Amino acid sequence: MSYTAKMSSSGGHKGATSVNVREFTPSSLPAMPAMLLKAAVKGSHVQDKPVLPKVVMRCEGVRAGSEKLQQYHQLTGWGNALQVHPAWPHCLALPLQLGMLSDKDFPFKVMGMVHMENRINQFRPILPDESLDIVCRFGELKKHRLGWQFSLLTEARSAGEIIWQGDSRSLVRAGEPSSMRLAAKPADLPTGETWSLAADLGRQYARVSGDYNPIHLYPWSARLFGFKLPIVHGMWSKARCISAISSSLPDRFSLQVSFRKPVFLPARVSFHHQPEKAGQGAFTLGSADGSLLHLSGRYGPLDPQD
């Protein structure tokens with residue numbers, strides 16, 4: 001179901017803006033293989049000043065828990081079966097997010113984007129038996145020294161209450177090969193807990209998340225996009241770090257990560273957690289020898305007014 005709604009403009013401008021609202025139920029969502037193919041072949045039509053489409057996609061009645069959730073918990077090291085992993089709603093929202101990115105008016109190619117940052121706001125733990133309404137929309141678009149950076153916003157509601165928000169910020173490069181990553185400063189990383197990542201971790205994550213981006217799957221598919229080996233999915237790395245610090249997280253928190261150098265599979269990585277005051281801290285994921293920084297993050301309690 002699709003309709004046009006009027007929404008007040010932001011940024012201090014007067015008047016209203018037309019927004020294309022597309023409504024789905026879990027059974028009416030397009031099939032994931034078709035969505036992935038559409039996203040993979042989508043071209044770009046970048047202008048001097050690209051504009052993000054005014055589209056909102058909403059799916060009501062999404063079940064938080066499933067057999068896939070149990071597999072996701074196992075793969076990411078989450079030990080609390082009574083609560084949904086805080087990163088799991090991103091997987092539930094993937095069909096909507098792909099729909100946004102493959103929209104005919106979205107000005108950029110999907111393949112070759114670089115996931116730079118991701119923020120989660122959890123207002124309370126999500127229970128496996130909850131029914132969620134998930135909404136996706138675009139946030140800001142701004143010029144970056146390497147191209148364009150845009151934000152994709154996701155929220156989950158239960159019985160009308162916002163209980164979770166996600167903000168994924170990605171870079172679309174202008175005039176550089178897609179295999180190049182953002183430069184990361186030489187790291188002098190603290191030693192910590194070492195994790196061994198299997199060569200097929202990307203395929204394992206794809207099976208539970210639904211994200212079959214070829215750069216994460218096989219050496220041959222990664223080479224098609226300029227990578228010598230498959231790289232671990234950034235959202236797996238974030239989810240695994242969240243699991244490792246779960247005992248320090250309050251029920252109501254904000255957690256942000258910046259993605260740095262890719263992790264080529266198989267790999268050994270070092271995780272370091274630096275708790276600060278109650279419910280607040282920082283963490284890093286780096287190479288086992290301490291020479292590369294793969295991910296850095298911070299977390300803290302949400303302001304009561306948020």
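Counting just the residues of the stretch 132-178 that are polar (S, T, N, Q) and either touching an Asp or Glu at 6+ places or on another chain (Cβ under 8 Å) or part of a strand (DSSP E or B) (or both), which one comes out farthest from VAL62 (Cα to Cα)?
GLN149
Can you spot a residue in the stretch 204-218 that is of a type outside the set (S, T, N, Q), surrounded by fewer than 18 Cβ atoms within 10 Å (Cβ to Cβ) and touching a Phe, Trp or Tyr at 6+ places or on another chain (Cβ under 9 Å)? No, the conditions are met nowhere in the stretch 204-218. Taken over the stretch 113-131, the residue count meeting the criterion of being part of a strand (DSSP E or B) and closer than 21 Å to TRP236 by Cα is 9.
Output the number of residues of the stretch 223-245 satisfying the condition of being farther than 19 Å from SER270 by Cβ and either in a helix (DSSP H, G or I) or basic (Lys, Arg) (or both). Residues meeting the conditions: 3. Quick check on my filter: what residues within the stretch 292-306 are more than 18 Å from VAL232 (Cα to Cα), out of contact with any Pro (no Cβ under 7 Å at 6 or more places or on another chain) and surrounded by 12 or more Cβ atoms within 10 Å (Cβ to Cβ)? ARG298, TYR299, GLY300, LEU302 - these are the residues of the stretch 292-306 that are more than 18 Å from VAL232 (Cα to Cα), out of contact with any Pro (no Cβ under 7 Å at 6 or more places or on another chain) and surrounded by 12 or more Cβ atoms within 10 Å (Cβ to Cβ). Candidates in the stretch 204-222 are the residues that are over 24 Å from ASN80 (Cα atoms) and in a helix (DSSP H, G or I); of these, the one that is farthest from the chain's Cα centre (by Cα) is TRP220.
The sole residue among VAL84, VAL62, VAL110, VAL56 that is touching a residue at least 60 places away in the same chain (Cβ under 8 Å), of a type outside the set (Phe, Trp, Tyr) and assigned to a loop (DSSP other than H, G, I, E, B) is VAL110.
GLY77 - would you say it is at pLDDT 95 or above and surrounded by fewer than 19 Cβ atoms within 10 Å (Cβ to Cβ)? Here the answer is yes, as GLY77 does meet what is asked. Of all the numbered requirements in (1) buried (at least 18 other Cβ atoms within 10 Å of the Cβ); (2) modelled with pLDDT of 95 or more; (3) over 29 Å from LYS143 (Cβ atoms), GLY192 misses one, and that requirement is (2). Can you name every residue in the stretch 75-118 that is over 13 Å from SER168 (Cα atoms) and of a type in the set (Asp, Glu)? Across the stretch 75-118, the qualifying residues are ASP103, ASP105. The residue of the stretch 248-304 that is farthest from TRP195 (Cα to Cα), among those that are charged (D, E, K, R) and assigned to a loop (DSSP other than H, G, I, E, B), is ASP303. For SER66, indicate whether it is within 23 Å of MET235 (Cα to Cα), among the hydroxyl-bearing types (Ser, Thr, Tyr) and modelled with pLDDT under 95. The answer is yes for SER66. Pick from the stretch 142-159 the residues that are within 17 Å of the chain's Cα centre (by Cα) and touching a residue at least 40 places away in the same chain (Cβ under 8 Å): which of them is surrounded by the fewest Cβ atoms within 10 Å (Cβ to Cβ)? Looking at the filtered set, the residue picked out is LEU152.
The values are calculated or read from the model by the stated rules, or taken from the named source; none is laboratory data. The structure presented is a predicted model; accordingly, all values stated were derived computationally and were not measured. As a convention, Cβ positions derive from the backbone with ideal geometry for all residues, glycine included, and neighbour counts pool all protein chains shown.
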